[in-house]
Each structure stands twice: as C-alpha cells, then as structure tokens.
1. Looking for something assigned to a helix (DSSP H, G or I) and either free of Cβ contacts under 8 Å to residues at least 12 places away in the same chain or of a type outside the set (Phe, Trp, Tyr) (or both) - is there at least one such residue anywhere in segment 285-293?
2. Of all residues in segment 222-240, which are assigned to a strand (DSSP E or B), in contact (Cβ under 8 Å) with a residue 40 or more places away in the chain and in contact with a Phe, Trp or Tyr (Cβ under 7 Å, 6 or more places away or on another chain)?
3. Those residues that are within 24 Å of the chain's Cα centre (by Cα) and over 14 Å from residue 7 (Cα atoms), I need them from segment 30-47; list them, please.
4. For segment 210-233, give me each residue that is among the hydrophobic types (A, V, I, L, M, F, W, C) and either over 26 Å from residue 125 (Cα atoms) or not assigned by TED's automatic domain parsing to the domain that holds residue 171 (or both).
5. Can you work out which of the residues in segment 115-131 that are part of a loop (DSSP other than H, G, I, E, B) and among the aliphatic types (A, V, I, L, M) is surrounded by the fewest Cβ atoms within 10 Å (Cβ to Cβ)?
6. Quick check: is even one residue across segment 292-306 modelled with pLDDT of 95 or more, out of contact with any helix residue (DSSP H, G or I) (no Cβ under 9 Å at 6 or more places or on another chain) and aliphatic (A, V, I, L, M)?
7. When you go through (1) within 18 Å of residue 332 (Cβ to Cβ); (2) buried (at least 17 other Cβ atoms within 10 Å of the Cβ) one by one for residue 213, which number turns out not to apply?
8. For the subset of segment 231-264 comprising residues that are of a type in the set (A, V, I, L, M) and under 30 Å from residue 217 (Cα atoms), which member is farthest from the chain's Cα centre (by Cα)?
Amino acid sequence: MQRIRLGVIGTGMAWERLHWPAIQELGDKYEVVAVCNRTKEDAENFANSINLGLENVYQDYREMLKRNDLDAVDVLVPIQDNFEIAEAVIESGKNLIAEKPLAATLEGAKKLVELSHKKPVKVMVAENYRYNEENNFIKDIISQGKIGDVIYFIQNNMVDFKEEMKGNTFAATEWRQYPNYRGGTFLDAGIHDIAALRHIFGAVECVCALGQAQQEEFSPYKSINVQILFKSGVIGQYNYTSHAKELQKPKVGLRIYGTQGEIYLEEKTSGTIYVNYADGSSEQINYQPGRGYYNELLNFYEALTGNQQILSTPEKGYGDLKMVFDILSSIETRQPVQVDMVH
C-alpha cells in the first residue's frame, strides 16, 4: 500500500506536540494532504511549514471531508467537539483516528460505536496509554505469571493543575479550564489511567469511589479515591488529584503486588520498571517513554493495510468513558456501581 493520505482536523497543541512528531517518524507510511482548523491561520502556518499548498487548508471540516483523496482523518479537537466531528468523518466513509474520550457523553460514544459497525471504515481511539511500552511490559509480566497471582495494586496520580495552567501546557487551554463536559480534568486526564488499568487487568466488575468536592471550574473534585474490583478478582486502589504534586521521592506511582513478586513504576516518564521477586532476585526493565503515539499510528497503518487488528477500538473507548462516569456516579451516590455489565 502507498502512504496513507491523511487529513487533519485540529492543528493545535496535540497535533504539533504529539501526533505530528510520530507522523514524521512514520513518513514512509503517512502523507498529510489536507489540514483544517477553526483558526484558519494556524492551519495555514502548519501547511506552510511542510510546503503544503494553501488550497489544501480548510476552516470548515465539512468542506475538507468532501475530498475523495483522503484515506483517513486524524481528529484532534476539544472534548466537547469529539462526537460531532467523529460522526461526520465516519458518515463520509473515511477511516478515523479519534481522540479520547470518544465523546463527551456516553450516549454519543455509544452512537459512534454503532455507526462504526454500519460503515465500511476502521476507527481507532487514540488512547496512547494502551500503546505505551511500560504498560505493555507490565501486562506481559503479569500474564506470564512472573509475580504469581496479583493480590492488589495501588496507583497514585497527583497533578497541580493550577500551577500547570501558568505554563505553555495543555492545562493552559481555555476549554480545559472551563470544561463543557462532565468530570472536567478527571475525564480529560484520568481516563488515561483508567484505560491503562483496564488494558493491564481486563474487564471491571465494579467501582466504589469517594471525592472531595470543590468549587473550581476545571474539576468538580479536589481529589478522587476509587476502589476497583476487576472481573479477574484483582482488587486495587486508584487515587487522582488535580490540586497537588507528590513531593516525596520515590513517588507512590503504580505498585502491583503478587504472590511471587512486585512491580513498581514511579511514573510513565521514568524509563524503568522495577520487578522484585519473592526469591530475593530482581530486575530492571528499561523502556522508552512516550512511544504510545508512534505505536498507535503504526497500529492504525497496519490495520489499514490488513496486517493487524486495531488495539484501541471504539468499544474499548466506550468502556473507558463509562468507567469514568461510573466513578463519578459512585461519588455522587456513595454506592458501588457495576461497570462492565456483559459477562
């Protein structure tokens, strides 16, 4: 197959910092042929940087979707716009790289899953945590039984959102500071951790959560504490806060305890997974951080060429979103909530 002719909707920070560097690495597999952005000047600036003619720059994504030379479309827009644009791409019969979450509502995500089954297109939810090397190494260690049966895990994610708002960061974007979707920053950031845990441990039986309420626009809760029961029997605790950084080293990070050993990952950027075994031996597994974007786009290419199945499917994206909303519902009702209902 020749290079995938790619159209891009949304040429902002996520495209420039995350997807475009990976596309450049995959230059023998992708060719950007059209770009669209709400602020057309930004799209024009990017087009000029790659010598793409300005006749291939759009402000209205509907006009771009009328082209018959697009093999796939990469959508990188604010969460509240995900559903509308993803629906239009699928309806146009074009293959789709959809950002997470699949939609801002569970109803929207369900509709996109159903629509993807009706149209002859391939859809990948760009959940890079499912493609990150560290999560796949950890998944393999567990599936190989190297630490025996998993007893429990704990994961801690602490972010100082207010501090990050001051920099040239994703937190500085207005739509994240004043979200028009349920869950605020927990949906935007926490869904990554949820996806990774589901990737490592599988389907979830139920969640029981508590949250410390706050009045800040960016998140309804200062901190969230979740007890998770997986259908495999694994139990564990996931903690998320958008109000503080973890100051002590090493950080809590992700710790998985088994009958024959333990796994420790301080944070996704650390580059090393530590595994200690009950017999006193240990090993350090090195990995390259941030490879999820490259790996997901490579998987999408291989899926379009018929060599692989898409790993991060719309069904999995729907499951991630439902679990986030189930956690929020558990906080609101102070009751356990069933997650993956299909047995």
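1. Yes.
2. So the first thing to find is which residues in segment 222-240 are assigned to a strand (DSSP E or B), and the list is 222-230, 235-240.
Those still in the list that are in contact (Cβ under 8 Å) with a residue 40 or more places away in the chain too: 224, 226, 235-240.
Within segment 222-240, 224, 226, 235, 236, 240 meet the criteria.
3. Scanning segment 30-47 gives a single hit, 38.
4. 210, 213, listed by residue number.
5. Pass one, segment 115-131, residues part of a loop (DSSP other than H, G, I, E, B): 119-122, 126-127, 131.
When the remaining residues are screened for being among the aliphatic types (A, V, I, L, M), the result is 121, 126.
Working: 121: 18, 126: 24.
Checking each candidate, the answer is 121.
6. Yes - at least one qualifying residue is present in segment 292-306.
7. (2)
8. Filtering segment 231-264 down to residues of a type in the set (A, V, I, L, M) leaves 234-235, 244, 247, 252, 254, 256, 263.
Now drop any that are not under 30 Å from residue 217 (Cα atoms), which leaves 244, 247, 252, 254.
Details: 244: 22, 247: 26, 252: 22, 254: 17 Å.
Among them, the one singled out is 247.
The values are calculated or read from the model by the stated rules, or taken from the named source; none is laboratory data. For clarity, every value in this text was computed on a predicted model and none was experimentally measured. Cβ atoms come from the backbone with ideal geometry, glycine included; neighbour counts cover every protein chain shown.
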